């Protein structure tokens, strides 16, 4: 038998997701700094397209992180004083799926950028 989650468990999930998203935001900030260092070295023209691509991707993912953190925070705020309902669990599952998708995108971006770094050195 699967036990239904309680509010404390749902809230803890939200806290963990937001904490990981903060970490992701900080990491992307570090990757942006490394990208700026590469751009400052006047890279060959063939690398400039990649520099622009990663600059855009970092910007987009920072927006995605911000938006998801905000959605999670709003959801977590609405948890207080409510009973666990199917609607609440459904929203939780939806946010969890969004979180997992974003984590996958960030992981792929990190991997691709590290490959780019090794090529541009």
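With surrounded by 16 or more Cβ atoms within 10 Å (Cβ to Cβ) and over 19 Å from residue 18 (Cβ atoms) as the only criterion, which of 36, 57, 61 stands out?
Numbers: 36 fails: surrounded by 16 or more Cβ atoms within 10 Å (Cβ to Cβ); 61 fails: over 19 Å from residue 18 (Cβ atoms).
Being surrounded by 16 or more Cβ atoms within 10 Å (Cβ to Cβ) and over 19 Å from residue 18 (Cβ atoms) holds for just one of 36, 57, 61, which is 57.
Condition (residue is modelled with pLDDT of 90 or more, over 16 Å from the mean Cα position of the chain (by Cα), exposed (fewer than 15 other Cβ atoms within 10 Å of the Cβ) and under 30 Å from residue 121 (Cβ atoms)) applied to region 20-30: is it met by at least one residue?
Pass one, region 20-30, residues modelled with pLDDT of 90 or more: 20-30.
Within this subset, residues satisfying the condition of being over 16 Å from the mean Cα position of the chain (by Cα) are none.
Within region 20-30, not a single residue is modelled with pLDDT of 90 or more, over 16 Å from the mean Cα position of the chain (by Cα), exposed (fewer than 15 other Cβ atoms within 10 Å of the Cβ) and under 30 Å from residue 121 (Cβ atoms).
Do we find that residue 13 is modelled with pLDDT of 95 or more and either over 30 Å from residue 114 (Cβ atoms) or not in a helix (DSSP H, G or I) (or both) in this structure? I'd like the intermediate steps shown before the answer.
On the way: modelled with pLDDT of 95 or more: yes; either over 30 Å from residue 114 (Cβ atoms) or not in a helix (DSSP H, G or I) (or both): no.
When the stated conditions are applied, residue 13 does not pass them.
Identify, from the list 68, 95, 117, the residue that is at pLDDT below 95, surrounded by 14 or more Cβ atoms within 10 Å (Cβ to Cβ) and assigned to a helix (DSSP H, G or I). Even if it seems obvious, please write down each step before you answer.
Values: 68 fails: at pLDDT below 95; 95 fails: at pLDDT below 95.
Exactly one residue qualifies, and that residue is 117.
Considering region 78-100 alone, what residues qualify as being without any contact (Cβ under 8 Å) to a residue 12 or more places away in the chain and within 16 Å of residue 19 (Cα to Cα)?
Within region 78-100, just 100 meets the criteria.
Among 43, 5, which is out of contact with any strand residue (DSSP E or B) (no Cβ under 6 Å at 6 or more places or on another chain), outside any helix (DSSP H, G or I) and surrounded by 15 or more Cβ atoms within 10 Å (Cβ to Cβ)?
Only one candidate qualifies: 5.
The values are calculated or read from the model by the stated rules, or taken from the named source; none is laboratory data. Worth saying up front: this structure is predicted, and the values here are computed from it rather than measured. Ideal geometry is used to build each Cβ from the backbone, glycine not excepted, and the neighbour counts take in all protein chains shown.
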